[in-house]
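Please find one structure pasted underneath; my questions will follow.
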Amino acid sequence: MTNRAVCYLRSSKDRSDVSIDAQRRALHELASTRNLAIVAEYADAVESGKDDDRPAFQRLLRDLKAPGRPWEHILALDTARIARRQMLALIFEQECERAGVRLTFRAVPDADPITMTLLKSILRAMDEWHSLTSRQKGLAGMAENVRQGWRAGGRAPRGYRLEYHATGAIRDGQPVMKSRLVPDEIAHQVTMYLRARAGGEMRGQILARLGLDWQASSLNGMEWQALTYAGHTVWNMHAEREGGSSKSGTKRRPRSEWMIQRETHEALITDDEAEAILAQLERQRATFTRQDASGYLLTGLLQTPDGAAWAGDSGGFYRVAKGTRVAAYRVDEAVLARMFDDLDDELTAAKVARAMREALAEPVDGRTIAGLEKRVAGLSHQIGRTVDLAGRMDDPAPVLRRVAELESERAGVVERLGELRRQQAAAQEVETIGPAEVRAALRTLRQEMEGAEDRAALRPVLAELVERIELDPATLDCRLHYRLTGVSLASRRGAEMSPVSWSARVMVLPKRRKGESRRGIGIAA
Amino acid sequence: MNPALRENDEQERRRPGRRVRAIVVQSVGKPEAVSSLARLLLARRQARLAEVPKDDESRSLLPAEQ
């Protein structure tokens, strides 16, 4: 056996957990006393030990089994670093034995093999007990927090920020802080968006009308928090998860199981508006199918010359009146071909390039980045010094907690720094975009969208760009009417545009009978 | 549209004796309101930029040649 070793480090969100830096220092000390050379380290920061779904742990497992592995020792602070579940810890230890790797814990004293086995079993049982009881206590604490009107944890929803209050209690020498939601500077935009949604307006249309650049994928989750936006704290909403997916198969529990503490913070919308949004989401969930997600790109825009709306049916057709229908893909592809042809023009491309520059946030100030870099360096220095101090103390626990706080602050600053650097890179890159690049990007988009199953990304684009599309059911003559300038408020469509309505319409349509397909096509074609 | 349904529809339209009318689209006006399109193109560019592998905090302390 060689003297080459690797360390495995893990710290969780738990404030009393040992920080990564402190673990690293302890393991380097252990290595020097055992005459081992540390050649690599595997670190899982802020990962729970209750399962094995941790990136560095998974890599360690892979490397452990890899042929030609250049090390034969694994060092960890204690058994809880490997896993808080007894079964996982045992399996890992077995894997080590099979691979001829020696697993050494800093916190387990040397003893004869029989005593070691007993000690390790006791430690593992205690680890599991700790994990289970702390989860139970955590849940009870969260429930009590909600009852008292405090936030149960998690980030503030869009439109709010967290305001921290000292409760007056002291824990481990530190004041206990709890948070409440207070409206932030974009709260009024959130109110306008949610009110429009409660009124049945389509998401893409509202974003275009209000000039918001929120990610479309963030809107569903935001709307499910309607009761939070009505000023109430909701808890126990999400179903329990296991292995990356919900145990029950649905993301959210039934409404009857939600814990709701009323009037805990300032409301952005009324109860009635919140209920209208939730009712729409529930209906949408009840009727949502793959077909809804992939098809009917033009619902809400497509109408007859008389102004009657074409609606998507359950079989991939746009339908108007009885029996008149046309395959949705034929209309979608013809309209998209026309639209992309119209966009492929030097002047339009220049307009798009300008809009892309305007769509970017304010340019990032280089001094802000330099300031954050300095802050990271300062925090790293402070962490190093605090760890040194802990090493000289008999009871280093309070100082190590301070290290954990500093590490958490540093992680936040590093994250913000990364975000600003990405913004800066994006801004620099967009500066170079001209009409030629836009036309190339549009051609790529067109290629990707031709024959694609899911064209949802084009929905907001069409909602803003196009006023209406007239399709004559008798002749199939189609006229694509562009909006003249921007999006006017007067052009807002009513409930017939909302996905909820067209889903509901799908439900009331009679089922297709044998032979109906030919008749439908016959009339349309 | 479901690919199978689409295939059925295309076969139906290719049947001998079947009169198939193409959908011809004419445009009225020009594309003006392009800010959503700009945001979509921007998001696609940024998504490509973000495809750089992330540092997951684990690093090898071995010299490069090992």
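The values are calculated or read from the model by the stated rules, or taken from the named source; none is laboratory data. Since this is a predicted model, take the numbers as computed values, not measurements. Here Cβ is always computed from backbone atoms with ideal geometry, including for glycine, and neighbour counts include all displayed protein chains.
Give the range A:131-177 a look and list any residue that's under 22 Å from A:V190 (Cα atoms), among the basic types (K, R) and in a strand (DSSP E or B), or say none.
A:R161
Is it the case that A:V466 is β-branched (V, I, T) and over 23 Å from the mean Cα position of the chain (by Cα)?
It is true that A:V466 is β-branched (V, I, T) and over 23 Å from the mean Cα position of the chain (by Cα).
Residue-by-condition table, conditions (1) in a helix (DSSP H, G or I); (2) within 29 Å of A:A440 (Cβ to Cβ); (3) within 29 Å of the chain's Cα centre (by Cα):
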site	(1), (2), (3)
A:G315	no, no, no
A:R325	no, no, no
A:V331	yes, yes, no
A:L336	yes, yes, no
A:A349	yes, yes, no
A:R354	yes, yes, no
A:E358	yes, yes, yes
A:V364	no, yes, yes
A:I369	yes, no, yes
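Go through the range A:386-420 and give me each residue that's among the charged types (D, E, K, R) and closer than 19 Å to A:A359 by Cβ. Walk me through it before giving the result.
Going through the range A:386-420, the residues among the charged types (D, E, K, R) turn out to be A:388, A:392, A:394-395, A:401-402, A:405, A:407, A:409-410, A:415-416, A:419.
Across the range A:386-420, the qualifying residue is only A:E419.
Checking A:E282 against (1) in a helix (DSSP H, G or I); (2) out of contact with any strand residue (DSSP E or B) (no Cβ under 8 Å at 6 or more places or on another chain); (3) at pLDDT 85 or above, only one condition comes out false. Which one?
Checking A:E282 against (1) in a helix (DSSP H, G or I); (2) out of contact with any strand residue (DSSP E or B) (no Cβ under 8 Å at 6 or more places or on another chain); (3) at pLDDT 85 or above, the one that fails is (3).
Give the range A:318-353 a look and list any residue that's in contact with a strand residue (DSSP E or B) (Cβ under 7 Å, 6 or more places away or on another chain) and of a type in the set (F, W, Y), or say none.
Matches in the range A:318-353: A:Y318 only.
Tally the residues that are charged (D, E, K, R), over 19 Å from A:D345 (Cα atoms) and out of contact with any Leu (no Cβ under 9 Å at 6 or more places or on another chain), restricting the search to the range A:432-461.
Total meeting the criteria: 3.
Of all residues in the range A:136-169, which are among the basic types (K, R) and without any contact (Cβ under 8 Å) to a residue 24 or more places away in the chain?
Result: A:K137, A:R155, A:R161.
Looking at the range B:22-33, I want the residues that are surrounded by fewer than 13 Cβ atoms within 10 Å (Cβ to Cβ) and have a partner that is in a loop (DSSP other than H, G, I, E, B) with Cβ atoms under 9 Å, at least 6 apart or on another chain. Which pairs are those?
Going by the 9 Å Cβ cut-off, the qualifying pairs are B:A22/A:L476; B:V24/A:L476; B:V24/A:D477; B:Q26/A:D477.
Same structure again: Across the range A:31-45, which residue is farthest from A:T2 (Cα to Cα) among those that are more than 7 Å from every other protein chain (Cβ to nearest Cβ) and among the aliphatic types (A, V, I, L, M)?
Applying the first criterion (more than 7 Å from every other protein chain (Cβ to nearest Cβ)) to the range A:31-45 yields A:31-37, A:44.
Now narrow it down to the ones that are among the aliphatic types (A, V, I, L, M): A:31, A:36-37.
Working: A:A31: 13, A:L36: 9, A:A37: 9 Å.
Applying the filter and picking the extreme gives A:A31.
One line per residue, one yes/no per condition, for (1) without any contact (Cβ under 8 Å) to a residue 12 or more places away in the chain; (2) within 14 Å of chain B (Cβ to nearest Cβ); (3) surrounded by 17 or more Cβ atoms within 10 Å (Cβ to Cβ):
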| residue | (1), (2), (3) |
| --- | --- |
| A:T386 | no, no, yes |
| A:G391 | no, no, no |
| A:P398 | no, no, no |
| A:R402 | no, no, yes |
| A:L406 | no, no, yes |
| A:E415 | yes, yes, no |
| A:A440 | yes, yes, no |
| A:A456 | no, yes, no |
| A:E470 | no, yes, yes |
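A:H381 versus (1) in a helix (DSSP H, G or I); (2) more than 12 Å from every other protein chain (Cβ to nearest Cβ); (3) surrounded by 17 or more Cβ atoms within 10 Å (Cβ to Cβ): which is the lone unmet condition?
Every listed condition holds for A:H381 apart from (3).
If I ask for residues that are of a type outside the set (K, R) and within 10 Å of chain B (Cβ to nearest Cβ), which ones from the range A:421-438 would you list?
Residues satisfying the conditions are A:Q423, A:A425, A:A426, A:E429, A:V430, A:I433, A:E437, A:V438.
Same structure, new question: Which residues, taken from the range A:314-335, are basic (K, R), more than 8 Å from every other protein chain (Cβ to nearest Cβ) and closer than 19 Å to A:R468 by Cα?
Answer for the range A:314-335, where residues must be basic (K, R), more than 8 Å from every other protein chain (Cβ to nearest Cβ) and closer than 19 Å to A:R468 by Cα: A:R319, A:R325.
A further question follows. Name the residues in the range A:442-454 that are more than 10 Å from chain B (Cβ to nearest Cβ) and free of Cβ contacts under 8 Å to residues at least 24 places away in the same chain, would you?
Scanning the range A:442-454 gives A:Q447, A:A452.
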